[in-house]
Amino acid sequence: MTIALLGIDLAKNVFALHGLDEAGRVALKRPAVARAKLVEVVATLPPCTVAMESCSGAHHWARTFAQHGHTVKLIAPKFVTPFRMTGRRSKNDAADAAAICAAAQKVDMRFVPVKSIDQQTRLMVHRARQGFVESRTAVLNRIRGLMSELGIVMPLKANSVRQQACSHLEDLPGWANTVIGDLLSEVTHLDERIAQYDAHIRHMARLDPTGRLMRLSGIGETTATAMLAMVGNGHEFKSGRQFAAWLGLVPSQYSSGGKTRLGHITKAGDAYLRTLLIMGARAVLAAAKDKADRVSVWAKALETRRGYWKTVVAIAAKNARMAWAVLRKGEEFQYPS
């Protein structure tokens with residue numbers, strides 16, 4: 001049995017395989033392969049191209065199959081859906097595996113680079129920290145909501161919530177004192193966790209070659225380490241604008257008949273990295289008011305013409321393009337004066 005392309009629909013316990021030969025005919029069709037048998041089945045096949053959706057566990061399987069001599073290609077799920085012959089409303093694992101094969105055969109298909117185990121472990125630090133930050137925000141909002149039931153309305157600012165909740169703690173009636181006290185203790189615990197993970201990120205920044213990235217205004221340790229772990233050297237992107245588009249920082253477009261219609265930014269790609277760039281851009285714009293360098297003058301003039309948020313997005317997109325140039329060109333990149 002000669003298989004040139006193997007599509008695998010990934011799952012937790014049962015996987016679907018769809019194989020094509022050199023002529024594009026179906027040579028293998030196994031709609032139910034147990035997790036314990038998957039490596040054995042793929043390892044017995046001659047070296048071929050293995051295509052999978054880029055989803056949970058995909059990078060692990062990609063590294064595993066590559067060790068057996070296969071060429072692995074990962075495809076974003078949104079690019080596979082249009083190739084499902086049963087349509088959007090009729091979905092099953094076998095149809096998904098066949099759709100993956102069809103998508104992988106497309107000449108201009110864009111594939112997701114396989115991450116190394118080191119990249120994934122570094123991203124775990126960022127994901128865990130992000131989860132702790134979200135949990136802290138949820139607890140602070142819970143404190144605000146419960147206190148408002150007692151007629152104590154507090155502002156959104158986290159430090160103000162802490163201070164005012166502590167100042168009212170002794171005056172709270174009944175069980176309210178116990179509940180708010182426990183919630184404040186949980187906030188303190190999460191603060192400590194976040195501080196620990198901030199230290200982990202600083203340690204990673206010292207070990208990773210992020211120094212050149214952090215020379216860009218609006219890119220600090222957190223953004224630089226996340227970007228390096230997520231995109232590596234950036235070679236999968238042809239240009240800085242393509243990288244910015246992948247991050248969702250370019251306008252959405254609905255153009256036809258020679259008329260160009262641009263809308264809001266697409267917000268495609270990874271929301272975490274895009275959020276970090278937006279936060280960095282806000283810091284750049286805030287600091288620009290007291291500066292006279294070229295970037296600050298440009299940012300202030302753009303804010304006057306287009307408004308605050310459009311300027312923030314423009315700075316974030318500019319930083320993304322420059323960051324791609326740093327990753328791609330390395331020491332050859334020259335920072336603008």
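Quick notes on this one:
- Per residue, in Å², the accessible surface of the stretch 194-337 once ligands and nucleic acids are set aside, probe 1.4 Å: 56 Å²
- 5 Å binning of all Cα-Cα separations within the stretch 151-212, expressed as whole percents from 0 upward: 4, 15, 18, 17, 12, 8, 9, 7, 5, 4, 1, 0
- Scanning residues 5 or more positions from GLY248 or on other chains, those with amide H under 5 Å from its amide H are ALA268, with H placed 1.01 Å from N in the peptide plane.
- For THR188, the shell of other residues with beta-carbons less than 14 Å away shows a net charge of -1, using +1 for Lys and Arg and -1 for Asp and Glu.
- 10 °C / 1.306 mPa s Stokes-Einstein diffusion coefficient of the stretch 1-45, Kirkwood radius on C-alpha pairs, µm²/s: 149 µm²/s
- GNM result for the chain, Cα springs below 10 Å: residue of SER56, SER256, SER90 fluctuating most strongly: SER256
- Neighbour cut-off at most 14 other Cβ (10 Å), DSSP loop, trypsin sites (Lys or Arg not before Pro), the stretch 62-132: ARG88, ARG89, LYS91, LYS106, ARG110
- Neighbour-limited loop hits for chymotrypsin sites (Phe, Trp or Tyr not before Pro), the stretch 215-277 (at most 14 other Cβ within 10 Å; DSSP other than H, G, I, E, B): TYR254
- Principal-axis analysis of the Cα atoms of the chain puts helix 93-104 at an angle of about 90° to the longest axis.
- Across the accessible surface of the stretch 168-286, with the other protein chains kept in place and a 1.4 Å probe, carbon and sulfur atoms take up 53 percent.
- Alpha carbon centroid spacing (whole Å) that separates the stretch 1-56 from the stretch 85-163: 28 Å
- Pairwise alpha-carbon distances in the chain exceed 34 Å for 45% of all pairs.
- Accessible surface, the stretch 1-147, averaged per residue in Å² (probe 1.4 Å): 53 Å²
- Taking the chain as a Gaussian network of alpha-carbon nodes connected by springs under 10 Å, the highest mean-square fluctuation of the residues CYS55, CYS101, CYS166 belongs to CYS166.
- Vicinal HN-Hα couplings computed from phi for the stretch 122-136 (Karplus, 6.51 cos²θ - 1.76 cosθ + 1.60; Hz; Gly/Pro x): 5, 5, 4, 4, 5, 5, 5, 4, 4, x, 5, 5, 5, 5, 5
- Projected over all directions and averaged, the alpha-carbon convex hull of the stretch 92-193 occupies 11.7 nm².
- Charge-dipole axis of the stretch 130-177 as Lys and Arg at +1 and Asp and Glu at -1 on Cβ define it, positive-most pick from LEU172, GLY151, GLN130: GLN130
- The GluC sites (Glu not before Pro) of the stretch 113-221 that DSSP puts in a loop, and whose beta carbon has at most 10 other beta carbons within 10 Å, are GLU149.
The values are calculated or read from the model by the stated rules, or taken from the named source; none is laboratory data. Fair warning: this is a prediction, and the values are worked out from it, not measured in the lab. Here the Cβ is made from the backbone with ideal geometry for all residues, glycine too, and neighbour counts use every protein chain on show. Keep in mind that these areas ignore ligands, DNA and RNA; they rest on the heavy atoms of the full protein, side chains included. Shrake-Rupley method; radii C 1.70, N 1.55, O 1.52, S 1.80 Å.
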